[in-house]
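Asker: Here it is, the structure in full.
The values are calculated or read from the model by the stated rules, or taken from the named source; none is laboratory data. Treat the numbers as computed from the prediction; the structure is a model and nothing was measured. Note: ideal-geometry Cβ built from the backbone for every residue, glycine included; neighbour counts use all protein chains shown.
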Amino acid sequence: MTAAERDIGTRVDALAREHRGEEFAEAVRRLAEELGPEGRPALQQALLERAADEQSFQRAVRRRFAEKGWMRRTFARLERAWGADRAEDVVAALEAGRDGEPALAAELERLRRERGKAALVLDELSRHESPRVRAWVPGAAADVLGAGGVRLVLSLARDREGAVRDAALSTLLELDREAARVLVPDQRRRLHSTDERERIAAVWALAELGDDTVVGVLRERAESAPDSGERAACRAAALALVGDEAAVVAALREDPASDAAASAAAARILGSERTIAALRERAESAPEEAVRAACRAELAKAGRG
């Protein structure tokens, strides 16, 4: 190794101590401009030495030294490393719970500023072993990537964990309802799950997606389901799917407080002037707090809070 190469390696080590992630990559870009074409091969060597084990690095040097675009690929590796760093910071903030909220907000803001690299971070987080982490991704993807996050959110709508699927579907319905329709066959299958929670989630997903082919099944379940919560969900969702405003408004006013959440959800899904007005009225004047709270929650979801 020449003195010049050692000097460049020392400078890279110094930059790595002073900077992390994107800041490190930006500092290296400035160093590359300063060194010019003659010094870049040595810089590339130093960077690859940090990114791979010695044997792999030596193979890369011999094979790719003269390849066009090597610097671009080197920077791509740095960006992937940035993605890993940011993903770890997001995970740490999520695992800290309420104590991690300020750090999580800061990470989200950083992702908004770096939308291209944010896709790397969110993709990595979408494959994290923790369901809590994966469930955070859909909302963050919609916030940071907008329509560009649809494919990622769709992939999470087929996650093995119900909480992750629910978060993804809820986000997708707001982000791109038409894209969400590809999930209808999945939700029809889940309507027949052995897991009651999953069946109820499928009931509401199909109601949101306007799949009136399941109305017959819902009506039958409204009578025969063993759990009162599932019966209420099926009854209310069926009314929403057939567009029965009068019945939804009547249920909202007359059903017991235990069924208020289902009736309120049906009113919000219909979203007509009449059902929204009924939600507002019950949110203000229903004698039971459970009913008022359910109606306020649905108004908020509809952006009418």
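Asker: Looking at segment 106-161 only, could you name the residues that are of a type in the set (K, R), more than 16 Å from D89 (Cβ to Cβ) and in a helix (DSSP H, G or I)? Can you show your working first?
Answerer: Looking only at segment 106-161, we keep the residues that are of a type in the set (K, R), and these are 110, 112-113, 115, 117, 127, 132, 134, 151, 158, 160.
From what's left, more than 16 Å from D89 (Cβ to Cβ): 115, 127, 134, 151, 158, 160.
Residues satisfying the conditions are R115, R134, R151.
Asker: So, in segment 191-225, exactly how many residues are among the acidic types (D, E) and within 23 Å of the chain's Cα centre (by Cα)? Break it down into steps so the answer makes sense when it comes.
Answerer: Within segment 191-225, the first condition is being among the acidic types (D, E), and the residues that meet it are 195-196, 198, 208, 211-212, 220, 223.
Then keep just the ones that are within 23 Å of the chain's Cα centre (by Cα); that gives 198, 208.
Qualifying residue count for the region: 2.
Asker: Hey, among the residues in segment 161-195 that are β-branched (V, I, T) and surrounded by 17 or more Cβ atoms within 10 Å (Cβ to Cβ), which one's farthest from A237 (Cα to Cα)?
Answerer: In the first step, residues of segment 161-195 are kept if they are β-branched (V, I, T); the result is 164, 171, 182, 184, 194.
From the residues that got through so far, the ones that are surrounded by 17 or more Cβ atoms within 10 Å (Cβ to Cβ) too are 164, 171.
Numbers: V164: 22, T171: 20 Å.
Out of the qualifying residues, it is V164.
Asker: I'm checking my understanding of the structure. Among residues of segment 76-106 that are within 19 Å of E129 (Cα to Cα) and of a type in the set (D, E), which one is modelled with the lowest pLDDT?
Answerer: Among residues in segment 76-106 that are within 19 Å of E129 (Cα to Cα) and of a type in the set (D, E), the one modelled with the lowest pLDDT is D85.
Asker: If you don't mind, another one. So is R274 modelled with pLDDT of 95 or more, assigned to a helix (DSSP H, G or I) and farther than 19 Å from R231 by Cα or not? Quick ask: steps written out before the conclusion?
Answerer: On the way: modelled with pLDDT of 95 or more: yes; assigned to a helix (DSSP H, G or I): yes; farther than 19 Å from R231 by Cα: yes.
In short, yes.
Asker: Looking at A260, A266 in this structure, which one is assigned to a helix (DSSP H, G or I) and at pLDDT 95 or above? If you could, list the steps in order and put the result at the bottom.
Answerer: Numbers: A260 fails: at pLDDT 95 or above.
Only one candidate passes the filter, namely A266.
Asker: Quick check: anything in segment 156-178 touching a residue at least 12 places away in the same chain (Cβ under 8 Å) and within 30 Å of E23 (Cβ to Cβ)? Spell out how you get there, then give the answer.
Answerer: Initial filter on segment 156-178 (touching a residue at least 12 places away in the same chain (Cβ under 8 Å)): 156-159, 161-177.
Restricting the remaining residues to those that are within 30 Å of E23 (Cβ to Cβ) gives 156.
Within segment 156-178 (the criterion being touching a residue at least 12 places away in the same chain (Cβ under 8 Å) and within 30 Å of E23 (Cβ to Cβ)), the answer is yes, since at least one residue qualifies.
Asker: Pick out the one residue from R188, R158, R165 that is basic (K, R) and over 13 Å from the mean Cα position of the chain (by Cα). If you could, list the steps in order and put the result at the bottom.
Answerer: Working: R158 fails: over 13 Å from the mean Cα position of the chain (by Cα); R165 fails: over 13 Å from the mean Cα position of the chain (by Cα).
Just one listed residue meets the conditions, R188.
Asker: While we're on this one: Does R282 qualify as being in contact (Cβ under 8 Å) with a residue 24 or more places away in the chain, buried (at least 21 other Cβ atoms within 10 Å of the Cβ) and of a type in the set (D, E, K, R)? Explain how you work it out, then say what you get.
Answerer: Values: in contact (Cβ under 8 Å) with a residue 24 or more places away in the chain: yes; buried (at least 21 other Cβ atoms within 10 Å of the Cβ): yes; of a type in the set (D, E, K, R): yes.
Judged against the criteria, R282 is a match.
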